[in-house]
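J.: Mind looking over this structure? Questions follow.
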Amino acid sequence: MTDLTNLTVAQIRDGHRAGDFSAVEVAEAFNANVADAKALNAFIVETPEHAIEAAKAADADRAAGTLKPLSGVPIGMKDLFCTKGVQTTAASHMLEGFVPRYESTVSQKLWDAGAGMLGKLNLDQFAMGSSNETSYFGNVISPWRRKDGGNAALAPGGSSGGSSAAIAARLCPAATGTDTGGSIRQPAAFTGITGIKPTYGRCSRWGIVAFASSLDQAGPMARDVRDCAIMLENMAGFDPKDATSLDLPVPRWEDALSSDLKGKTVGIPKEYRLDGIDPDIDAMWDAGIAMLKDAGADVVEVSLPHTRYALPAYYIIAPAEASSNLARYDGVRYGLRDLPQGAGLQEMYAATRAEGFGAEVKRRIMIGTYVLSAGFYDAYYTQAQKVRTLIARDFEAAFASCDVILAPTAPSAAFGLGEKAADPLAMYLNDVFAVPASLAGLPAMSVPAALNREGLPLGLQIIGKAFDEQGVLNAGLAIEERAGFTARAEKWW
Amino acid sequence: MSDYRIKGETGEWEVVIGLEVHAQVTSNAKLFSGAATAFGAEPNTQVSLVDAAMPGMLPVPNRECVRQAVRTGMAIEARINKWSRFDRKNYFYADLPQGYQISQLYHPLVGEGSLHIEADEKAGIAHGKMIGIERIHVEQDAGKLMHDQHPTMSFVDLNRSGVALMEIVSKPDMRSPAEAGAYLRKLRAILRYVGSCDGNMEEGSMRADVNVSVRRPGEPFGTRTETKNVNSVRFVMQAIEYEARRQVELIESGGAVVQETRLFNPDTGTTRTMRSKEDAHDYRYFPDPDLLPLELDDAFLDECRASLPELPDAKRARYEAAGISAYNAGVLTAEVESARWFDALLDAGAEPKAAANWVTSELFGALNRLGKDISDCPVTPAQAAELLGLVADGTISGSIAKQVFEIMLETGDAPAKIVEEKGLKQTSDTGAIEKVIGEVLAANADKVDQYRGGKEALFGFFVGQTMKAMQGKANPQVVNELLKKALG
């Protein structure tokens, strides 16, 4: 029998439906891989029993002829989604031991669709980071290694690094991610998998621990484009509990997948050609352009003139919102409380927050508090909002002459753990290509396209018009079919 | 212009007052969550996951709260902003689970409006005095700390956390404690007419932050202080008076007023420093990214406008036009329940002027005596109209009407039935009346002589005697005429 953990979501779904294997067999196979992969530190909590329960229900549904869209598919859940009865930490000490009495809308939709949960996936603390090194529960280690023979531990990307590592290592066929400024796309690129951030508002934010509300958006991470479409269909949808939720029907993305791009135009943003960038990145980008032409698309150059201001604007807006969103972690009602002997309320706040938040979270809370302060607000926050508007207009103008935009996902392949941890600015630069689409709320996807000279995966990013996930998925599929990316990390763990 | 002045040692000072009134919006659910809002519930029984600021919880605006604030704005003829936005006001406190209050700083729901306060000569309030209103915005209330539950810990009750408030900000247009009191009473009346706030200051549904400064008449504004959370009209007036005197004494003794937040002590009628400007929070207001801007369409605004009741000023003008005295019109419109009751009385056919006199004297007097509100009045407007009708058509006299009303209050019976059963119908039977007059004059021959001798004041005596002999049931008009004839 084939190794069930090598199957994609679509293959598991279809094989289970056809009776090739039972859902319990699938869940057991993935549970075994999870149990065998402690060295990757991809999970904060493992929930094999949840996966088995869902699998039993899936097998019963098959017998009864009442199969659901994700029956028999076990997945990983980023530990930013609140899960009823299962510890939810956002990878912080602050929420260690916190067990929600409610289920996030997105995870509930997935369970309702028949999926099972293998566990809660590690991430950067409060989703703040690009390498997974800010997790209170230790960094995730990428299953990938450079082919130089050295055994340097590499970053799986972040913040959805547990999700990316787990999928790349076949610990789960798909997982949820969240993307605030690249947190789905960059880790997908670093680990040779696929991930899509849909249009802002497609997936409900209700029950997801908030980082930056105007940017946070959930999306799927999986091995291929089809699996992303299947997962997204079961995550998206209007939610009256989220005031920013899009009140639109959920398209049948999987049914409409097509890699025929005749009549489509692909824009290549000239401002994304950075001086001194890794030549492997440029080569991959050029290869991607050729692939889309081969799929029938026309290619035009487009201009996104305010790109260079995107990263500074992002690092004002996101911390500003975070500084306020994270004020609720005060030690009063739940989570960590540090009450020194004889301390009053203010001392309790200070002690709890000093103890509960990691360095990167504190850095962003301080940046955010500073940019919102009286006297600085206009110079920073107001200015950043103006930049955000200009960036959105850049995209609108560009989309007047193209249907999707093609660019690299990240400026480099995965770096070694610790290599950038001491230099926050170098770390922030990782998101230079990802952040503009986040600021504009646009759907964007990363698809594995090549290996660099070190043997590490590189991802191409496709950015689409608002609500046009289909255009993004289709262009992604055209690349996927042509790139023939079949490389996978060799098991060392 | 008010001529209210604080007389200091160095001369006279004018007081400048602005009020920020927090009015709890009448709504079954909170501003951004579905939790209930009933007063007096057990602590922490009306708290949703949103109100407790659990991780991942999101606010969703309650349309009814927005509607009530818009209707309130319309009632003070204010500009309604079709585009407004919620902002976060950030600060840490144990009664504020989110660590921020959702409010509206930059783009409030309601813009400038104004309110007409009642003239009061005795209190020095001139006719036609208008108080400007700067804005009304909508915001969340905080929870409540309880310090008396445990020897070393404070408890938090989140029932109020997230309850919708309107903050109604006046311009610094008031010049005396009396004007501030009149403003509060008028505002409260309008809120209650509109139904957007029950105006109950004891339960905390309405409270005021009082801004006070003093200046020499005609000079620019002085430095103001803000006294927080004063919860009755009387206390607001006391706080202003105390604070104005304190500031005058401070300035006259060579000091300067510091811009600060103060607390009012209702037991002593004094204020004290709560925090100074230096300790003021930097609230780091910014647009709440969990919420989209609030956009109101014309259909919504039309519905709000159409649902407004007749407001106190319009009602009062209508009453006066119907011949009711200005004083009575003021009394009848001061409370929405009285006005509604009176309107029902008019609808049942009562003559306005007589009805107004009867309600303000007889009815209010009776209710006062019984310790009842108009809302639990034992007599219905229809019954009262019937009673007034019996007087108007001469079936009973005014004094009999009083007897009938007493019986109505006790039994709840219809007046016509009471008159019938007790035989209280007044008589205009000239034969019967003439007979009684004959007896009265015969029994008082000496007084008749005096009357005829020029002591005309005795006429009332003969009327009284006749009425008494007829147990009040004679038509007074007829008695008068026949007496005049008999005394010729």
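J.: Order of A:HIS16, B:HIS150, B:HIS22, B:HIS107 from fewest to most other C-beta atoms within 10 Å?
T.: Ranking A:HIS16, B:HIS150, B:HIS22, B:HIS107 by Cβ neighbours within 10 Å, fewest first, gives B:HIS150, B:HIS107, B:HIS22, A:HIS16.
J.: Over the range A:1-73, one equal point on each Cα, no solvent: what is log10 I(q)/I(0) by the Debye formula at q = 0.11, 0.13, 0.24, 0.28 Å⁻¹?
T.: For the range A:1-73 at q = 0.11, 0.13, 0.24, 0.28 Å⁻¹, log10 I(q)/I(0) is -0.27, -0.37, -1.06, -1.29.
J.: Another one. Quick one: grab the alpha carbon gyration tensor of the range B:258-351, order the square roots of its eigenvalues as a ≥ b ≥ c, and give me rounded if a/c is under 1.5, else prolate or oblate depending on whether a/b is larger than b/c. Write out the running numbers ahead of the final one.
T.: Working: a/c = 4.20, a/b = 1.55, b/c = 2.70.
It comes out oblate by the Cα gyration axes.
J.: If the cut-off is a Cα-Cα distance under 25 Å, which lysines reach B:LYS122, setting aside same-chain residues fewer than 8 apart in sequence?
T.: B:LYS7, B:LYS171, B:LYS186, B:LYS315
J.: Under the Karplus relation 6.51 cos²θ - 1.76 cosθ + 1.60, θ = phi - 60°, what is the ordered set of whole-Hz ³J(HN,Hα) values for the range B:321-335, x standing for Gly and Pro?
T.: Karplus-based 3J(HN,Hα) across the range B:321-335 equals 5, 7, x, 7, 5, 4, 5, 4, 4, x, 4, 5, 9, 4, 10 Hz.
J.: With the radius of gyration and the Kirkwood radius both derived from the Cα set of the range A:45-195, what is their ratio Rg to Rh?
T.: Working: Rg = 15.7 Å, Rh = 15.6 Å.
Checking Rg against Rh, the ratio lands at 1.01.
J.: Quick one: 3J(HN,Hα) in Hz for the range B:247-259, Karplus 6.51/-1.76/1.60 with θ = phi - 60°, rounded, Gly and Pro as x.
T.: Karplus-based 3J(HN,Hα) across the range B:247-259 equals 5, 4, 4, 4, 5, 5, 8, x, x, 9, 6, 9, 5 Hz.
J.: Still on this structure, please answer the following. Could you tell me the center-to-center distance, by alpha carbons, between the range B:189-248 and the range A:410-433 in angstrom?
T.: So the separation of the two Cα centres works out to 57 Å.
J.: Still on this model: Dividing the convex hull volume of the Cα atoms of chain B by its residue count, what figure in Å³ per residue is obtained? Intermediate results must be reported in sequence, preceding the final value.
T.: Working: hull volume 108.8 nm³, N = 488.
Once divided by residue count, the hull of chain B is 223 Å³.
J.: Right, next: Take the cross-link list A:LYS78/B:LYS144; A:LYS109/B:LYS144; A:LYS147/A:LYS197; A:LYS293/A:LYS465 and give me the ones stretching past 26 Å between alpha-carbons.
T.: Over 26 Å Cα-Cα: A:LYS78/B:LYS144; A:LYS109/B:LYS144; A:LYS147/A:LYS197.
J.: Once the cut-off is 25 Å, how many percent of the Cα-Cα pairs in the range B:310-422 end up in the long-distance tail? It would help to have the intermediate numbers written out before the result.
T.: Details: 1101 of 6328 pairs.
So the pairs more than 25 Å apart make up 17 percent of the total in the range B:310-422.
J.: Based on alpha-carbon centroids, what's the gap between the range A:234-302 and the range A:440-469 in Å, whole number please?
T.: Each part reduced to its Cα centre gives a spacing of 7 Å.
J.: Residue by residue through the range B:10-18, which ³J(HN,Hα) values in whole Hz follow from phi under the Karplus form 6.51 cos²θ - 1.76 cosθ + 1.60 (θ = phi - 60°), with glycine and proline marked x?
T.: Here the 3J(HN,Hα) series is 9, x, 9, 10, 9, 9, 10, 10, x Hz.
J.: Taking Cα atoms of the range B:58-196, Rg/Rh with Kirkwood Rh, to two decimals? Write out the running numbers ahead of the final one.
T.: Working: Rg = 17.9 Å, Rh = 16.9 Å.
Using Cα coordinates only, the ratio equals 1.06.
J.: Turning to a different aspect of this structure: Could you give the dipole magnitude of chain B about its Cα centre, charging the beta-carbon of Lys and Arg +1 and that of Asp and Glu -1, in debye to the nearest 20?
T.: Dipole size: approximately 760 debye.
J.: With only alpha-carbon atoms counted, please give the Rg and Dmax of chain A, in Å.
T.: 21.3, 72
J.: Going from the alpha-carbon gyration tensor of the range B:1-67, what semi-axes, largest first and in whole Å, does one get by taking the root of 5 times each eigenvalue?
T.: Those come to 44, 14, 13 Å.
J.: Which chymotrypsin sites (Phe, Trp or Tyr not before Pro) from the range A:394-463 combine a DSSP loop assignment with at most 15 other Cβ atoms within 10 Å?
T.: none
J.: Here's something else I'd like to know. List the aspartates and glutamates whose Cα sits under 15 Å from the Cα of A:LYS262, skipping any in the same chain fewer than 8 residues away.
T.: A:ASP294, A:ASP298, A:ASP403
J.: Here is a further query. For the range B:443-488, evaluate the Debye formula with one uniform point scatterer on each Cα (no solvent term) and list log10 I(q)/I(0) at q = 0.19, 0.20 Å⁻¹, rounded to two decimals.
T.: Cα-only, vacuum Debye calculation for the range B:443-488: -0.56, -0.62.
J.: Which order do the peptides A:155-161, A:8-14, B:421-427 come out in when sorted by mean C-beta neighbours inside 10 angstrom, highest first?
T.: With the highest mean Cβ count within 10 Å placed first, the list reads A:155-161, A:8-14, B:421-427.
J.: While we're on this one: Sequence-distant or interchain residues sharing an amide H contact under 5 Å with A:LEU154, placed H: which?
T.: Amide H to amide H, under 5 Å and 5 or more residues apart or across chains, A:LEU154 pairs with A:SER142, A:LEU417.
J.: Could I get the Rg over Rh figure for the range A:420-468? Both from C-alpha atoms, Rh via Kirkwood, rounded to two places.
T.: 1.07
J.: Next up: What does the C-alpha gyration tensor say about the overall shape of the range B:195-323? Classify as rounded when a/c is under 1.5, otherwise prolate if a/b is larger than b/c, or oblate.
T.: oblate
J.: Once you average over the residues of A:230-243, how many Cβ atoms of partner chains fall within 10 Å of each Cβ?
T.: Mean number of neighbouring Cβ atoms from other chains: 2.
J.: Mind checking the log10 I(q)/I(0) for the range A:268-416 at q = 0.17, 0.20 Å⁻¹? Debye, one equal scatterer per Cα, no solvent, two decimals.
T.: Normalising to I(0) and taking log10 leaves -1.02, -1.17.
J.: Taking a temperature of 25 °C and a viscosity of 0.890 mPa s, what whole-number D in µm²/s does Stokes-Einstein yield for the range A:236-328 with Rh from Kirkwood over alpha carbon pairs?
T.: Stokes-Einstein gives a translational diffusion coefficient of 140 µm²/s.
J.: So what are the radius of gyration and Dmax for the Cα set of the protein assembly as shown, in Å?
T.: 38.7, 142
J.: Still on this structure: Using the Cα atoms as the points, what is the convex hull volume per residue of the range A:178-275 in Å³?
T.: Expressed per residue, the convex hull around the Cα atoms of the range A:178-275 is 147 Å³.
J.: Counting Lys and Arg as +1 and Asp and Glu as -1, what is the net charge of the other residues whose Cβ lies under 12 Å from the Cβ of B:MET174?
T.: +1
Any read-out appearing in this document is the output of simple, stated calculations on the displayed coordinates, not a laboratory observation. On a predicted model such as this, the values are computed, not experimentally measured, just so you know. Cβ: placed from backbone, ideal geometry, glycine included. Neighbour counts: every protein chain shown.
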